[in-house]
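All remarks here apply to the structure that follows.
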Amino acid sequence: MNIRVKLLSIVLVTLVFTITVLYLAVSGVMIKSYLEIENHNTETKINGVIRSFVQICEDYSNKMNDWAVWDDTYDFMLDKNQRYVDSNISYESMYLLKLDFLFFVNSSNEILLDCFFDHGEKKIKQAPGSFRKRILEIADILSSKNKKTETAVLFSVDSQPVMVASNLVLTSKGAGPARGFLIYGHFIDDGDIEKINKLTALNLSYSKIKDDLLTSEVSTEPIGSGVKYSLHKTLTFDLLICNILFNDANDKPLFMIKFEEMRKIYQQSTIALKYFSAALLITSTVFFIITSFLINRFFADRIVKLSREVGGVKLDNKDKQRVTAEGKDEISMLAGEINLMLDNIEASGAKMTKLIKDLDTAARAKSDFIGNIGHELRTPITCIIGYTDMLSEMLAEGEPREFVNRIKLSGHILVSTVNDIIDYVSIEENDLLLKNSEFKVAAAFNEVIGYAGFIANEKKLEFSSRIDQSLVDLKVIGDETRLKQIVLNLTGNAIKFTSSGFIEIGAEIVSETPQDICVKIYVKDSGTGISEDKQEEIFMPFVQGDNSTTRKYGGTGLGLSIANHLVKLMGGVRINLESRPGSGSNFYFTIKLIKA
């Protein structure tokens, strides 16, 4: 991802995050504000319905004030004269007062006169027995207050919602004692709801609550001194439905006034939010386009150009290429620093080239010197070994011959060391080549086994070999000398680091084709073993297991490095090692030989 894409991605992610947060914050505040306005508006309408109904109840409670504090009524409660009834109580007068029943009850809660107004037949009747019984129950409730009913109380009479009020019967001067009270009531009907409609300008509907529909208790709120209600609101996206349940004196729902209206305020809030979202999206898009242009113009294009120019610089001292340093900001300062760095690099490069050339000359001289010294040493040492062989044959068994053999052994060790040094120099200069010729694998191993067995017997070690029978008479083409060098190196190390136990050499065919074979060769011992952290290091030039190894056993530390390189030249991968300290070692490798 280049710098331009990264910068624009950062701007885009930041912009999307900001838009999301801003949208959530504004939408939350906006919707909440509109909902608060809607709730306030709804509460105002509900309170208007409640106040209107309470006003009706209060007005109704004042209908019989004049009758209750009238001397004729006061006398009637005592003598029950028919003249009072005939001259004052008629259907027409009671209809104008919106009365549906009227009861005169004395102080002993006995009904002196009951008037039930039949609006169907337009005449006054006596109330049914159940109705009278219910009125007496209501009378107990109302008379317990021992005062005028300020607000008509709601009751259910014969499953009909009714407003009931009572006034104490006193003299015209309001003196007592009270001789009872008047109980009067009005069945709530659509006419009352229509009156509330006119007062509130709402389209209200009225319905009674059936007892079998009341499945749970409802919370109520008292209004004034006798009217209680509970409110149930239902909201949809388009509609607000309010159900106001008015309760009787026992806090049971009696009837319901319902109104519905469109949620214009909430719908307006959603429209406003859509406009806000569209404006926010358009503004953000314009902002992103302008920001992208400015980032590309003043930053991304310059950085990409600088990167391209830096990538095209070639430090070959032929053409001094430099990057463009325009402007006076950090990018131009960076370009100037790059040009200064290029100047320093070119200056240092010239010095480095000369130094490398000098080092290469010195290294080549060193290699030539070591190679020449090796060859010069190998000639006299070979001569010494030859003469010690002749001298050993001339001397009889005894101490002088033993001394000569020790001189010969030391000469062989010295020749091996010189050969390792010469091979290492050849490896460094990539001059180490294989000399392929025809030979028998078994014959090469027999020579190694004879030498190794002799040394192992001197150290009193158990020596064994396991050569695959298929290899006994097999002739191959390869470098016999280098193969023996590898196996002798591994065997010599095994003998050197094993004080007791066994040494085992083995060779087996891993795979075979008509043209060549892959041979696995291994050398096992029961020696000191090698820790896991040292198993890679011992294959490096001039490295042995630890410093004590060099002091105790000697050696240059080149043998395994050279043997590993020879295995690769013979088609193998590397010399593998399995070992644990105190449990011996197993060195093994695979080489490819061409069939003769």
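Each reported figure results from applying straightforward, stated rules to the coordinates on display, with no laboratory input. Please read all numbers here as calculations on a predicted model, not as lab measurements. As a convention, Cβ positions derive from the backbone with ideal geometry for all residues, glycine included, and neighbour counts pool all protein chains shown.
Tabulated results
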| quantity | calculated |
| --- | --- |
| Likely footprinting exposure, Ser416, Ser33, fewest C-beta neighbours within 10 Å first | Ser33, Ser416 |
| Phi to ³J(HN,Hα) by Karplus 6.51 cos²θ - 1.76 cosθ + 1.60 over region 477-487, Hz, x for Gly, Pro | 10, x, 9, 5, 4, 5, 4, 5, 4, 4, 5 |
| Positive-end residue, the chain charge dipole about Cα centroid, Cβ charges, pick of Ala165, Ile467, Ser9 | Ser9 |
| Residues Lys63, Lys228, Lys198 arranged by fewest to most Cβ contacts within 10 Å | Lys198, Lys63, Lys228 |
| Total lysine pairs whose alpha carbons fall under 12 Å of each other in region 442-596 (8 or more apart, or interchain) | 5 |
| Packing-based order for 467-475, 46-54, using average beta carbon neighbours within 10 Å, highest first | 46-54, 467-475 |
| Peptide ranges 581-592, 333-344 listed from the most packed, as the mean C-beta count within 10 angstrom indicates | 581-592, 333-344 |
| Magnitude of the charge dipole, region 62-187, Cβ model with Lys/Arg +1 and Asp/Glu -1, debye to 20 | 200 |
| Selected from Ile135, Trp70, Phe104, residue furthest toward positive end of dipole (region 1-147; charges at beta carbon) | Ile135 |
| Built amide H within the under 5 Å cut-off of Lys147, gap 5+ | none |
| Estimated [θ] at 222 nm from DSSP helical runs (n ≥ 4, -39500 (n - 2.57)) normalised by residues in the chain, nearest 500 | -17500 deg cm²/dmol |
| Between 0 and 90°, nearest 10: helix 264-295 axis offset from the chain longest Cα axis | 30 |
| Other-chain or far-sequence residues with amide H under 5 Å of Glu462's (modelled H) | Gly501, Phe502, Ile503 |
| Hz values of 3J(HN,Hα) by residue in region 488-494 - Karplus curve (6.51, -1.76, 1.60), Gly and Pro given as x | 5, 4, 5, 5, x, 5, 4 |
| Sequence-distant residues sharing a close amide H with Gly584 (under 5 Å, placed H) | Gly527, Gly529 |
| C-alpha long axis of helix 3-61 to longest principal axis of the chain, angle in ° | 20 |
| Förster radius 51 Å - calculated FRET efficiency between Glu376 and Asn344 (Cβ-Cβ, nearest 0.05) | 0.65 |
| Region 433-595, dipole about Cα centre (Lys/Arg Cβ +1, Asp/Glu Cβ -1), debye to the nearest 20 | 280 |
| Dipole moment magnitude, nearest 20 debye, the chain about Cα centre, only Lys, Arg, Asp, Glu C-beta charged | 920 |
| Folded to 0 to 90 degrees: helix 330-394 orientation relative to the chain principal axis, Cα | 40 |
| Full-stretch length increase - His232, Val573 - with 0.36 nm per residue and alpha-carbon distance subtracted | 114.0 nm |
